[in-house]
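For reference, the structure is listed below as structure tokens.
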């Protein structure tokens, strides 16, 4: 269980700024093995990891905030908690945030991958508590 911040996501935030990103989130299914490789660039790259799947529902995070955290020497980027619709038989292994460059997963740039608190069944819907979906140290 962990959080990772792919190199592409760090580059995109530095180049574009959080206020100018079209941020979305999706659930990871299958396995957690290999999802924290920081060299993955896109949602398609994540989906191509052996045993990993990407759930079809995509959600837009609300209430995005950027906070200077002097105690931990970083910038924390947070959003409101997320809700995913019921999907019987689906087990979420994690959550990925990405920049929606276009409607193709091959151009959706990964910002972060989270597996802490997973796996979770999505049978009756899934509410995900988000704590800093991005951190810049």
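The values are calculated or read from the model by the stated rules, or taken from the named source; none is laboratory data. Every value quoted in this text rests on a predicted model; they were computed, and no experiment measured them. Backbone-built Cβ (ideal geometry, glycine too); neighbour counts: all protein chains shown.
In this structure, does residue 72 turn out to be modelled with pLDDT under 95 and outside any helix (DSSP H, G or I)?
Spelling it out, residue 72 is indeed modelled with pLDDT under 95 and outside any helix (DSSP H, G or I).
Here is a list: 76, 2, 80. Which entry is under 13 Å from the mean Cα position of the chain (by Cα), surrounded by fewer than 18 Cβ atoms within 10 Å (Cβ to Cβ) and under 14 Å from residue 134 (Cα atoms)? Break it down into steps so the answer makes sense when it comes.
Details: 76 fails: under 13 Å from the mean Cα position of the chain (by Cα); 80 fails: under 13 Å from the mean Cα position of the chain (by Cα).
Step by step, each of 76, 2, 80 is checked, and only 2 is under 13 Å from the mean Cα position of the chain (by Cα), surrounded by fewer than 18 Cβ atoms within 10 Å (Cβ to Cβ) and under 14 Å from residue 134 (Cα atoms).
Scanning region 18-29 for residues that are surrounded by fewer than 18 Cβ atoms within 10 Å (Cβ to Cβ) and more than 13 Å from the chain's Cα centre (by Cα), which turns out nearest to residue 116 (Cα to Cα)?
Taking the candidates together, the pick is 18.
Within region 99-116, how many residues are farther than 16 Å from residue 132 by Cβ and not in a strand (DSSP E or B)?
Within region 99-116, residues that are farther than 16 Å from residue 132 by Cβ and not in a strand (DSSP E or B) number 9.
Of the residues 127, 96, which single one is assigned to a strand (DSSP E or B), at pLDDT 95 or above and loosely packed, with under 13 Cβ neighbours inside 10 Å?
Values: 96 fails: loosely packed, with under 13 Cβ neighbours inside 10 Å.
Going through 127, 96 in turn, just one is assigned to a strand (DSSP E or B), at pLDDT 95 or above and loosely packed, with under 13 Cβ neighbours inside 10 Å: 127.
Give me the pairs: first residue in region 17-43 and on the phi > 0 side of the Ramachandran plot and part of a loop (DSSP other than H, G, I, E, B), second residue exposed (fewer than 15 other Cβ atoms within 10 Å of the Cβ) and modelled with pLDDT of 95 or more, beta-carbon distance under 8 Å, and six or more apart or on different chains, which are they?
30/51; 34/50; 34/51
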